[in-house]
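Coordinate-derived values only; no laboratory data. As the structure is a prediction and not an experimental result, all values here were calculated from the model. Cβ placement follows ideal geometry from the backbone for every residue including glycine, while neighbour counts extend to all protein chains displayed.
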């Protein structure tokens, strides 16, 4: 017999010591930095197995892990499991909304809401409204958030946590329409307008957390946009002080996407906050239904330089950042695409030095088009991004600050010059192309396939990822 006591934030295991230790061991994750941590700890590292315990020595765990722990116990320890629910009832029985504002939700949006409000621990009657919702671009996450609030009859104080300033301004316009006659507040900068439904900027709240704590403790529903970012001090400071929230939902197109060993702890930390994915909509599904612009992938030959064994930073700098041959490939692709009306175009680079170098090469070799650059140090970047969004700039060379939350409906071409290996980053970059517009039926991403010891491996990884998404891929690099 194993007993699990739960509250809004933690669970605790009770039972035989042997069984509990077996459960604890099953939920260990190897720390990818174990070697370096041991070096720092020195003598104190003796006896440490290099793992992170997601069930503590007192058998406590973050509540989001409950479904996985319950399933493991049932399959490997005993079917005799008792869950003692110490959570205070919300006092509201949720009901599916038929309309959100003046909109009738699409079936997949209703299914996403339903996956939260009807979620239960498998094989039990335990209501468990913790959820990760993995929704591709154009799935209508703002409508889903509003729908969850409406499902609880607008009676449960709700907080929405955002990271992006542009999206915050967009939500200020959207939510009064989605939730007419509702008490909506916005918290950013010096504004502390907490209401029954409140949208906050994460940076604002976390910077002065003590000032905001009394308000955070009153929320019963917590909805987190770009939830894949939540494994950091900024988000954790806020979420940990929303300790009375029984309903907690993380929305992101890239949750748990990485299978790399280095990202296993991050994934498990996020599961502790938001639990498992209860509903998912893919890019291909949205493209097939016409909610997103169909994207064609072209793999272009990039750097032809040999790799540098044992030194990835130097290989990247010489083969990507400061490689004129590779930059001229981008020039040729932009000239070709401009002739067939595939502008405006966005060129994504990873580092400022790469942006500056690529921009200089483009300016030198393309005379008839308006080209600008933007990164975190650009003083007038908001104005430049706005001009690009409106189609007043033909080519924008930008950094990863553009990969999230930026709406570029006119964008026809994106060149991924960053050469990274992160699937999540590629997914986010693709999202910039998928916004629909009456003047475009398709959009194109061109990704540079590089030689090199490390770069070639990363190129192969991106190619596989594009194919796994079900997108049409043309391999022009061979």
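Under the rule of -39500 (n - 2.57) per DSSP H run of 4 or more residues, summed and divided by the residues of the chain, what mean residue ellipticity at 222 nm is obtained, to the nearest 500 deg cm²/dmol? Value at 222 nm, helices only, nearest 500: -10500 deg cm²/dmol. Each residue, residue 193 and residue 460, gets one label point 7 Å from its Cα in the Cβ direction; the gap between the two is 5.4 nm.
Computed over the range 292-475, the P(r) tail beyond 23 angstrom holds 36 percent of alpha carbon pairs. What is the helix-to-structure angle for 66-76, meaning the angle in degrees between its Cα long axis and the longest Cα principal axis of the chain, kept from 0 to 90 and rounded to the nearest 10? Roughly 70 degrees between the two axes. Which stretch or stretches of the range 338-370 have amide N atoms under 19 Å from the point lying 7 Å from residue 380's Cα along the Cα→Cβ direction? Backbone N within reach: 356, 359-360, 363, 369-370. Distance from the alpha carbon centroid of the range 9-23 to that of the range 382-429 works out to 48 angstrom.
Value of Rg to Rh for the chain, rounded to two decimals, is 0.99; Kirkwood radius and Rg both from alpha-carbon coordinates.
Let me know the whole percent of all Cα-Cα pairs from the range 88-281 that are separated by more than 21 Å. Intermediate values should be presented prior to the final figure.
Values: 8971 of 18721 pairs.
Percent of Cα pairs beyond 21 Å in the range 88-281: 48.
Stretching residue 99 away from residue 336 to a fully extended chain increases their span by 80.7 nm, per 0.36 nm per residue minus the current alpha-carbon distance.
Within the range 136-194, the ratio Rg/Rh, alpha carbon atoms throughout and Rh by Kirkwood, equals 0.94.
Please find the FRET efficiency linking residue 80 to residue 441, where r is the Cβ-Cβ separation and R0 is fixed at 56 Å, and quote it to the nearest 0.05.
Numbers: r = 59 Å, r/R0 = 1.05.
Efficiency, from the Cβ-Cβ distance: 0.45.
What does the extension gain come out to for residue 118 and residue 56, with contour length at 0.36 nm per residue minus their alpha carbon separation? Could you put the intermediate results ahead of the total?
Values: separation 62, 0.36 × 62 = 22.32 nm, distance 2.96 nm.
Full-extension gain reported as 19.4 nm.
Here the simple spin-label model places points 7 Å from the Cα toward Cβ, and for residue 264 and residue 324 these points are separated by 4.7 nm. Note on residue 473/residue 29: beta-carbon distance plugged into 1/(1 + (r/R0)^6) with R0 of 56 Å gives a FRET efficiency of 0.95.
Rounding to the nearest 10 and keeping the result within 0 to 90°, find how far the Cα-based axis of helix 141-151 lies from the longest principal axis of the chain. So the helix axis and the longest Cα principal axis differ by about 20 degrees. Here the relative contact order of the range 295-434, from alpha carbon pairs under 8 Å that lie six or more residues apart, stands at 27 percent. Put the Cα centre of the range 304-372 next to the Cα centre of the range 77-147 and the gap is 45 Å.
In the chain, the longest principal axis of the Cα atoms and the axis of helix 17-26 are about 10 degrees apart. Report the calculated FRET efficiency for residue 208 and residue 311 (r = Cβ-Cβ distance, R0 = 35 Å), to the nearest 0.05. Once rounded, the FRET efficiency stands at 0.25. Contact order for the chain, expressed relative to its length and based on alpha carbon pairs under 8 Å spaced 6+ residues apart, stands at 15 percent.
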